[in-house]
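The values are calculated or read from the model by the stated rules, or taken from the named source; none is laboratory data. All values reported here derive from a predicted model rather than from experimental measurement. Glycine also receives a Cβ, built like all others from the backbone with ideal geometry; neighbour counts cover every protein chain displayed. Just so you know, the surface numbers come from the protein's heavy atoms only, side chains and all, with ligands and any DNA or RNA stripped out. Shrake-Rupley method; radii C 1.70, N 1.55, O 1.52, S 1.80 Å.
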Amino acid sequence: QVYLVESGGGLVPAGGSLRISCRATGRAGTLYAMGWFRQAPGKEREFVGAVSWNADTTFYADSVKGRFTISRVNRENTMSLQMNNLKPEDTAVYYCATYGATYYFDLPGAGRRDMYDYWGPGTQVTVSS
């Protein structure tokens, strides 16, 4: 079992910035590729971005490219999502997750919910207009 906890969500004005983080704990000695997803009211959970286990590869949804940046702590299952120029349509619960196929981290797999095995409880990000 792997446990994940997100932190840093809150209320932000449009055009503002916010940084949220995620830490995964559980099995020692294993580094996971990790991803961010978000879910707005009445919508399905959608892909935001992901980072490989060694941080040499990142993927982003088209809707956040150029505005959001994923980073991770070296040699730890911890990552952050820096969100800039936030828009009201970014309002959602943001979830982090660990990727189940460590050696097959690519698109479109990295953007699929069913490729991730453990999930955090989510953190709310609200962007006011």
Q: Could I have the simple spin-label model distance between residue 39 and residue 126, label points 7 Å from Cα toward Cβ, reported in nm to one decimal?
A: 1.9 nm
Q. Long-range amide H contacts for residue 100: which residues qualify at under 5 Å (H placed 1.01 Å from N, peptide plane, sequence gap of 5 or more or a different chain)?
A. 116, 117
Q.
Apply the Karplus curve 6.51 cos²θ - 1.76 cosθ + 1.60, θ = phi - 60°, to the phi angles in segment 75-86 and return the couplings in whole Hz, x for Gly and Pro.
A. 6, 9, 8, 9, 9, 10, 10, 8, 10, 10, 6, 5
Q) If ligands, DNA and RNA are left out, what is the accessible area of residue 118 with a 1.4 Å probe, given in Å² to the nearest 10? A) 70 Å²
(Q) Can you tell me which of 112, 38, 27 moves the most in a GNM of the chain? Springs connect C-alpha atoms under 10 Å apart. (A) 27
Q) For the chain, modelled as a Gaussian network with Cα springs under 10 Å, which listed residue fluctuates most, 65, 87, 43? A) 43
Q. Leaving out ligands, DNA and RNA, what percent of the accessible area of segment 1-48 is carbon and sulfur, probe 1.4 Å?
A. 51 percent
**Q.** Using θ = phi - 60° and Karplus 6.51 cos²θ - 1.76 cosθ + 1.60, couplings along segment 9-22 (whole Hz; Gly, Pro as x)
**A.** x, x, 9, 9, x, 4, x, x, 10, 8, 10, 10, 10, 9
Q) What's the local net charge at residue 44, with K and R +1, D and E -1, over the other residues with C-beta under 13 Å away? A) +3
Q. Once you charge only the Cβ atoms, +1 for Lys and Arg and -1 for Asp and Glu, what is the size of the charge dipole of the chain about its Cα centre, to the nearest 20 debye?
A. 200 debye
Q) Under the definition of Cα pairs under 8 Å and six or more residues apart, what whole-number percent is the relative contact order of segment 1-100? A) 36 percent
**Q.** Inter-probe distance in nm under a simple model that places probes 7 Å from Cα toward Cβ, at residue 27 and residue 106
**A.** 2.3 nm
(Q) Leaving out ligands and nucleic acids, and using a 1.4 Å probe, what accessible area per residue does the chain come to in Å²? (A) 52 Å²
**Q.** 12 Å beta-carbon shell around residue 21, net charge (K/R +1, D/E -1)
**A.** +1
(Q) Sort 48-59, 12-23 by the packing proxy (mean of other Cβ within 10 Å over each peptide's residues), most packed first. (A) 48-59, 12-23
Q. Carbon-plus-sulfur fraction of the accessible area of segment 76-124, 1.4 Å probe, in percent?
A. 49 percent
Q. Around residue 74, what is the net charge, scoring Lys/Arg as +1 and Asp/Glu as -1 over all other residues with Cβ under 15 Å from its Cβ?
A. +1
Q. Counting GluC sites (Glu not before Pro) as exposed when in a DSSP loop with at most 11 other beta carbons within 10 Å, what is the longest stretch of the chain free of them?
A. 77-129
Q | Amide N of segment 49-65 lying under 20 Å from the label point, which is placed 7 angstrom from the Cα of residue 2 along Cα→Cβ | A | 49-61
